[in-house]
Amino acid sequence: MSEAKQTFLLEGASCAGCVRKIEGALAAVAGVEDARVNLADKTLIVHGEASPEACVAAVENAGYGAQPVRVSERERREQQRAEEHRHYRDLLKRCAIALGLGIPLMAWGLLGGEMMVSSPGQQLAWGVVGLLTLAVLIYCGGHFFTGAWRAFLHHNANMDTLVALGTGTAWAFSMLVVIAPQLLPEAARHVYFEASAMIIGLINLGQALELRARGRTSAAVEKLLDLQDPTARVVRDGQEQDLPLEQVVVGDLVRVRPGEKIPVDGTVEDGSSLVDESMLSGEPLPVKKAEGDFLSAGTLNKNGTLLFRAEKVGAETRLAQIIEMVKNAQSSRVPIARLADKISSIFVPTVMIIAVLAALVWFNFGPDPRTAHTLVVLTSVLIIACPCALGLATPMSVMVGVGKGAEYGVLIRNGKALQQASGLDTLVVDKTGTLTEGAPRLTSIETDAAFAGSEKDLLQLLASLEQGSEHPLAEAVLSAAREQDLTLLETRDFEAITAHGVSGVVNGRKLLLGNRKLMARESIDIGEWQARVRELGEKGSTAMYAAVDNKMAGVIAVADPLREDAASAIARLQKLGLQIHMLTGDNEGTANAVARQLGIDSVHAELQPEDKERIVGELQDGGAHVGMAGDGINDAPALARAEVGFAIGAGTDVAIETADVTLMRSSLQGVADAIELSRGTLRNIKQNLFGAFIYNVLGIPIAAGVLYPFTGALLSPVIAGAAMAFSSVTVVSNANRLRWFKPEETA
Amino acid sequence: MLTLIVNLAGLLLIAAIVWWFWLTGRTGDAAAAGPVPATSVEILVKDGVYDPDHITLPAGSAATLQFRREDPSPCAEYVLFPDLEVSAQLAVHEVTEVQLPAAGPGKYPFTCQMQMYRGLLEIK
């Protein structure tokens, strides 16, 4: 039976009669070898080369509906891997055949065997060898010739052109020697069949090795793909069934048992469990999930059973989007490659011109045998030039570098971001949510002697007032009240006064909570409390004045705790040579206190959201290369303005779509990882570009014979072929060294 | 006499290389069939060339191109539109859809990673 297999999802099929009807309809379609309906999961599997449109039409004519099932990314990659493996084996086979002829011929020459044609017997013998070499050129190197010819017709020239011209010229010259030796001077009647065969063999070998090495460059995407299970346990019509992932649709109920991976994105409807999200968020501790919580595909269910409703499937899941982003970034261009790109675009015709010029020089001015020297130089120059090394230098490193980033939870948007991150000298960091947890806590509450009541009473009043507020600090007051089991009182006339605070009436008492400006506006004497507020601010808390019935009642202080690793991340970034600027809407005292704790020198406090972008711009105007780290939502303009925007958003969709670099874990360490990685990748690209340039810049003149006056010998075309074949392998292997990159934190 | 012929042939060959690969090739005048509307065709990736290699699209609207890769060599694995910041991995012996964003009028080259496969997208 044919290997070609297609799967369709059926509509309207419900009984054995339907099965017969559909299978019968398919049997009449040209190219269908076998068609089987599976009623349990309502699928149709068709073997054969029939087009999917014809199959769908046949099912529809039979009175049912059908749509092709998407091939999963995993299946596709498996197919591609199989295809690559086939190609690899094919290249090795061609290499073995070509070298099987080339090596004995070369050995014959090296061991002193006659390579000249000077008698009819030699003509006959070399004629047979020539035909054998032609067979090798056609079978093992035919693709070079067809590629060169098609490229030629399109006014294009590529590596195939060089290989075909080099080996073709050597073979054609040798055949001329065999057929009509009298046309050539006696000293030039040398055959080069071994060169043609050896070059074809070596280049096939080089391509095979390159294919192998390239396979390793995409290991990161493979790892991400492996996060997905191929099937999901779907509950349909009260029955559980294991379905291929591609057949899960939005709205399906999916059951996940302990130890299983979440197959698609969705929301929990029943059950509770701990879910390990470290692969997506970098958060090492499992997260408790219960009814109403969101689950991401690829995460691991630890201990309970969950029943959830599928909301995003296939390419829509967060994991799929991450994979897509990594793949896109892996194949994007890097500005540093622009010069290499320009050279690549004119490389092959330029080499052809150099080869002709070098051959003419040898023909006109070279020592005898001139014709033989001319041919050797022409062939060697064509063969040694390697556009592949030049073309591969950047993409291979970007591929490995971006993939490595994904392994450490650093999603890099494109090659440009990767390059720019390596050149940053300034990092602007938003305090809230980046240096701090982003969830403020009540740290202190103190009452005035004039307030008739305890601290608890004041907290109850203030929490009641804040229940109408959406300010992040309000949440701190409310959660403190919840912790103390305080009952919230009735509130009316709530008002949020921009840049001042809030006011309202709680249980008939007029309350004010805010800064000094609010108290001044309402003519409330803050007395000694100003010093206390300053003191609290210096410790890193945000303190606010509270007034009840137009009299000072006390102060409350709220602080957003620093992230555990913020200080070490800042130290690491400073060690990388970055100057850190902290941005915050807090007052100067609080901001300075936080900056002191973290060792940050430059603080911009009391900022409005729109000021952040302005500050990034000012730093850039001063000549700095500025990166900005923020949560990806509130800082969007500043992130966009910076040369590289790092979104510490734990992979929210918005952040993934907009930021240059998205950090999957909520830690500034990710910024340091990204910068270290980008510097490592850029270093690798430069090594590759340097190597490729130097190889061609030295190799082509050597092949043209510039060393002849010193060595008295020309470079053999066979050695030129070996050098060319392995130059691109070297580039790919060097890029693969990046796979061992480890950020300093984990090294 | 032979020297003269060889030298003349060599110089003519250089002139031919310049003319064929850089002069006529760059203007696109020699393209037998001329540019082809991109959405109406499957672009074949085979034997070192995109076929057709000169395609057109209307300005201001997003489009989907279809690439059929028949060359298993790694050179053909990716197609890049550097100016549109679009790239795609092409599956062997399959059609891969490549989404292009809306773009203004202009010429946008597309290539493989190594710039050996070369094509031109013209947005009018």
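The values are calculated or read from the model by the stated rules, or taken from the named source; none is laboratory data. These figures come from a predicted structure and were not determined experimentally. Using ideal geometry, Cβ is built from the backbone for each residue, glycine included, and neighbour counts are taken over all protein chains shown.
Structure notes:
- Selection from the stretch B:40-62 of residues that are facing another protein chain (nearest Cβ under 9 Å) and modelled with pLDDT under 85: B:ASP47, B:GLY48
- Against the numbered list (1) more than 30 Å from A:ASP586 (Cα to Cα); (2) in contact with a helix residue (DSSP H, G or I) (Cβ under 8 Å, 6 or more places away or on another chain); (3) more than 10 Å from chain B (Cβ to nearest Cβ), A:ASP430 comes up short only at (1).
- Given (1) more than 23 Å from A:ARG413 (Cα to Cα); (2) among the hydroxyl-bearing types (Ser, Thr, Tyr); (3) within 9 Å of chain A (Cβ to nearest Cβ), number of the condition B:SER87 does not satisfy: (1)
- Only one of A:GLU246, A:GLU222 that is in contact (Cβ under 8 Å) with a residue 24 or more places away in the chain, under 16 Å from A:ASN38 (Cβ atoms) and touching a helix residue (DSSP H, G or I) at 6+ places or on another chain (Cβ under 8 Å): A:GLU246
- Qualifying residues in the stretch B:39-89 (those that are of a type in the set (Ser, Thr, Tyr) and under 15 Å from the mean Cα position of the chain (by Cα)) - the one farthest from A:GLY215 (Cα to Cα): B:THR56
- The residue that is nearest to the chain's Cα centre (by Cα), among those in the stretch A:534-555 that are in a loop (DSSP other than H, G, I, E, B) and charged (D, E, K, R), is A:LYS539.
- Residue check for B:LEU65: more than 10 Å from chain A (Cβ to nearest Cβ), crowded, with 21+ Cβ neighbours inside 10 Å and either under 24 Å from A:LEU162 (Cα atoms) or out of contact with any Pro (no Cβ under 9 Å at 6 or more places or on another chain) (or both): yes
- Which listed residue is of a type in the set (Lys, Arg) and closer than 30 Å to A:ASP635 by Cα, from A:ARG509, A:ARG482, A:ARG516: A:ARG516
- Only one entry in A:SER296, A:SER272, A:SER278 is more than 14 Å from chain B (Cβ to nearest Cβ) and without any contact (Cβ under 8 Å) to a residue 12 or more places away in the chain, namely A:SER278.
- Which numbered condition A:GLY266 fails, given (1) out of contact with any strand residue (DSSP E or B) (no Cβ under 6 Å at 6 or more places or on another chain); (2) more than 30 Å from A:PHE693 (Cβ to Cβ); (3) among the small types (Gly, Ala, Ser); (4) free of Cβ contacts under 8 Å to residues at least 60 places away in the same chain: (1)
- Test for A:SER345: is it touching a Pro at 6+ places or on another chain (Cβ under 9 Å), away from chain B (no Cβ under 12 Å) and assigned to a helix (DSSP H, G or I): no
- Which listed residue is over 48 Å from the mean Cα position of the chain (by Cα), small (Gly, Ala, Ser) and not in a loop (DSSP other than H, G, I, E, B), from A:ALA531, A:ALA496, A:ALA481: A:ALA531
- Test result for A:ALA421, of a type in the set (A, V, I, L, M, F, W, C) and surrounded by fewer than 15 Cβ atoms within 10 Å (Cβ to Cβ): no
- Residue in the stretch A:354-373 that is within 30 Å of A:GLY415 (Cβ to Cβ) and of a type outside the set (Val, Ile, Thr) present: no
- Against the conditions (1) within 25 Å of A:GLN608 (Cβ to Cβ); (2) surrounded by 20 or more Cβ atoms within 10 Å (Cβ to Cβ), A:GLU470 satisfies every one except (2).
- Criterion: loosely packed, with under 14 Cβ neighbours inside 10 Å and either more than 42 Å from the chain's Cα centre (by Cα) or without any contact (Cβ under 8 Å) to a residue 12 or more places away in the chain (or both) - qualifying residue of A:GLU23, A:GLU53, A:GLU83: A:GLU53
- Exactly one residue out of A:ARG86, A:ARG81 is within 11 Å of chain B (Cβ to nearest Cβ) and at pLDDT below 85, and it is A:ARG81.
- Close pairs from the stretch A:675-692: first closer than 25 Å to A:GLN579 by Cβ, partner part of a helix (DSSP H, G or I) and of a type outside the set (A, V, I, L, M, F, W, C), Cβ under 6 Å, at least 6 apart: A:LEU677/A:GLY405; A:SER678/A:SER422; A:ARG679/A:SER422; A:THR681/A:SER397; A:THR681/A:GLY401; A:LEU682/A:SER422
- Considering only residues in the stretch B:90-121 that are in contact with a Gly (Cβ under 9 Å, 6 or more places away or on another chain) and surrounded by fewer than 18 Cβ atoms within 10 Å (Cβ to Cβ), the one that is nearest to the other protein chains (Cβ to nearest Cβ) turns out to be B:PRO109.
- In summary, A:HIS155 fulfils each of the numbered conditions (1) over 30 Å from A:GLY409 (Cα atoms); (2) of a type outside the set (Asp, Glu); (3) in a helix (DSSP H, G or I); (4) within 11 Å of chain B (Cβ to nearest Cβ) with the single exception of condition (3).
- When residues of the stretch B:24-33 are limited to those that are surrounded by 13 or more Cβ atoms within 10 Å (Cβ to Cβ) and modelled with pLDDT of 50 or more, the one nearest to A:HIS154 (Cα to Cα): B:GLY25
- Just one of (1) surrounded by fewer than 24 Cβ atoms within 10 Å (Cβ to Cβ); (2) modelled with pLDDT of 90 or more fails for A:SER196. It is (1).
- Matching entry among A:ARG338, A:ARG318 (being within 14 Å of another protein chain (Cβ to nearest Cβ) and of a type in the set (Lys, Arg)): A:ARG338
- With a requirement of 1 or more residues that are among the β-branched types (Val, Ile, Thr), the strands (runs of 3 or more DSSP E) lying completely within the stretch A:223-333 that satisfy it span A:231-236, A:253-256, A:265-270, A:273-276, A:287-289.
- The stretch A:351-376, subset within 22 Å of B:TYR117 (Cα to Cα) and facing chain B (nearest Cβ under 9 Å), residue farthest from the chain's Cα centre (by Cα): A:ILE353
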